[in-house]
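Each remark here refers to the structure printed beneath this line.
Since every read-out is calculated from the coordinates, none of them should be taken as a lab result. None of these values were measured; they are calculated from a predicted model. We place every Cβ from the backbone using ideal geometry, glycine too, and count neighbours over all the protein chains shown.
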Ligand SMILES: Cc1ncc(C[n+]2csc(CCOP(=O)(O)OP(=O)(O)O)c2C)c(N)n1
Ligand SMILES: [Mg+2]
């Protein structure tokens, strides 16, 4: 990214200003529409300023981690905007840390503003007195503690620039409470100039990439979150090459699920059959905006060919898990259109291959759907649920998911159609994400439908945040997959351990939570109720949150769960793999 402060451009203030005024001024220059947090004595002056802002709406949450997840969802669902937290030092920061960490590992920009203890008094042992820079060191790109009024505006602008440049991520600025409260003369502050994507020169590598892709017998594309804003170019490349496209979990929305070349999440044996088959003889892989993390690679078990072309903004990701024949470090928004132009100029015609690939994908997808349809129980069939939900949702509806079995059911069975319409806590993998994330998404896009798929265990963590959705009249439909277990883990226990431990949830009534938060409540007990109950929930959920108690059937496992458990055991040393299998077998016999 280029620096956002053009030399010599500044804004004249020429008055005594409080630090809180300066912070509000700086935030108002940035693409910040909302802040999230809970005020405390170290931030009341800043909250008083924000309350007067016509550009920024401060939102009170019930827990700072929910604020962090909501802010994260603003960054993910609204390209160009950044989520922002305004929180108290120490306890506010530790509460928010799971959300800050999620942004750090998922590469999502987040601006965290905290108060800090007074720096103008001689006393130690002040309230919330902790070294916050040390506290957050491993989960932010950078943090600042400002010491003078004149540093506040430049520090916030610089924090923003760092948050959105290179691999995006969270940043933290601590403004001690005395600076916020007291006024000091301020002459000039820098003008804000939005950073632009950095241009790179990779002509040689792009030529080589185009050559390898055109020569390949069976090319494939693997798209991650980094490709989410170049979906159209990826589509054209795929069509030109007749190449199947798999995505990561985080990047599910980077390629339309209803495109005939779309295969699914990942391409290992933990992927859906359409993806596993389409990539089985892949001899040249174009990977865009992915770090080949654990989830989409099926615990690193996917077959990556020698001819790997890897485009990513992180130089560390290139070649880290799988060696790259051609590595291109840079922004996909810059590089992918350049690669497309080279492929177009080569005028390759792969329409025969394309039709063959598309036909196979269609057959595999239909067979997999059928496999789910014939799986009967008296509870709600996940495939029928996601198909009906898709039918009733608009294409630009946003879905937030949590972490659990429901996540992988959604990934395998729900068709995501538009960029940035599916968001998930991925690499930090923090449960509790979906409920508050939906609040951030709805605040950022009030005109769009927002739904959430959340496991009952995750719902217990942050479900009470629905009160915030009620307060603001946010139409969000929360589909809670009610199975009474921490299923993603209990299924993982069942296979290798042949018993479960500590994964059965305590009993609770979703209806009671709906009553307590003044949300609407709908139950879906079986397949017969699906269409009418989803319609009712989406209608009720236009201006208020609705909790839908989905009596989901979890008796059929996802390809993902089966695949990763096998891949994990395979990666064990031989002796330990044998011990695991032996123990499971003995337990099967002895009970
Ligand atoms: C904060 C946190 N704690 C624990 C885990 C481990 N974990 C991953 S998925 C999962 C189960 C989630 O259960 P639930 O929300 O009911 O979803 P289900 O798997 O039943 O669909 C657990 C415990 C985690 N990812 N994050
Ligand atoms: Mg559950």
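So for region 26-178, Kirkwood radius off the Cα pairs, Stokes-Einstein at 4 °C and 1.567 mPa s: how many µm² s⁻¹?
Values: Rh = 15.0 Å.
Value of D from the Cα-based Kirkwood radius: 86 µm²/s.
In degrees between 0 and 90, to the nearest 10, how far off the longest principal axis of the chain does helix 351-373 point, with axes built from Cα atoms?
90
Could you work out the Kirkwood radius for region 66-119, taking every pair of different alpha carbons, averaging 1/r and inverting it, reported in Å? Show your work: numbers first, answer last.
On the way: mean 1/r = 0.0888 Å⁻¹.
When all Cα pairs of region 66-119 are included, the Kirkwood radius is 11.3 Å.
On C-alpha positions alone, give me the angle between the axis of helix 487-497 and the longest principal axis of the chain, in degrees, nearest 10.
In the chain, helix 487-497 runs at an angle near 50 degrees to the longest axis.
Using a basic spin-label model with each label point 7 Å from the Cα along Cα→Cβ, how many nm lie between residue 127 and residue 585?
It works out to 6.4 nm between the two label points.
For residue 188 and residue 11 in one chain, what is 0.36 nm times their gap in residues minus the Cα-Cα distance, to one decimal in nm?
63.2 nm
Report the gain in length on full extension from residue 376 to residue 395: 0.36 nm times residue separation, minus Cα-Cα distance, nm rounded to one decimal.
4.0 nm
Would region 352-426 count as rounded, prolate or oblate if I go by the C-alpha gyration tensor, calling it rounded below 1.5 in a/c and otherwise prolate when a/b exceeds b/c, oblate otherwise? Mind dumping the intermediate values first?
On the way: a/c = 1.86, a/b = 1.17, b/c = 1.60.
Taking the square roots of the gyration eigenvalues as a ≥ b ≥ c, region 352-426 is oblate.
Convert 20 °C to kelvin, take the viscosity as 1.002 mPa s, use the Kirkwood radius over C-alpha pairs of region 116-273 as Rh, and evaluate the Stokes-Einstein diffusion coefficient in µm²/s, rounded to a whole number. Could you put the intermediate results ahead of the total?
Working: Rh = 20.2 Å.
In µm²/s, the coefficient rounds to 106.
What is the helix-to-structure angle for 434-444, meaning the angle in degrees between its Cα long axis and the longest Cα principal axis of the chain, kept from 0 to 90 and rounded to the nearest 10?
Tilt relative to the chain: about 60 degrees.
How are the alpha carbon pair distances in the chain distributed across 10 Å bins from zero to the largest one, expressed in percent?
Reading the bins upward from 0: 3, 17, 25, 25, 18, 9, 2, 0, 0.
Roughly how many Å is it from the Cα centre of region 523-569 to that of region 230-272, as a whole number?
Distance between centres, Cα-based: 24 Å.
Could you grab the Rg to Rh ratio for region 222-288? Cα atoms only, Kirkwood for Rh.
Rg/Rh for region 222-288 comes to 0.92.
What shape does region 448-591 have by the C-alpha gyration tensor, where a ≥ b ≥ c are the square roots of the eigenvalues, rounded means a/c under 1.5, and otherwise prolate means a/b greater than b/c and oblate the rest? Working shown, then result.
Working: a/c = 2.70, a/b = 2.61, b/c = 1.03.
Prolate.
Take each of the peptides 114-122, 371-379, 89-97, average the number of other beta-carbon atoms within 10 Å over its residues, and list them starting from the highest.
Order by mean packing, descending: 89-97, 114-122, 371-379.
Ranked from highest to lowest mean number of other Cβ atoms within 10 Å per residue, what is the order of the peptides 49-61, 141-153?
Output ranking for 49-61, 141-153: 141-153, 49-61.
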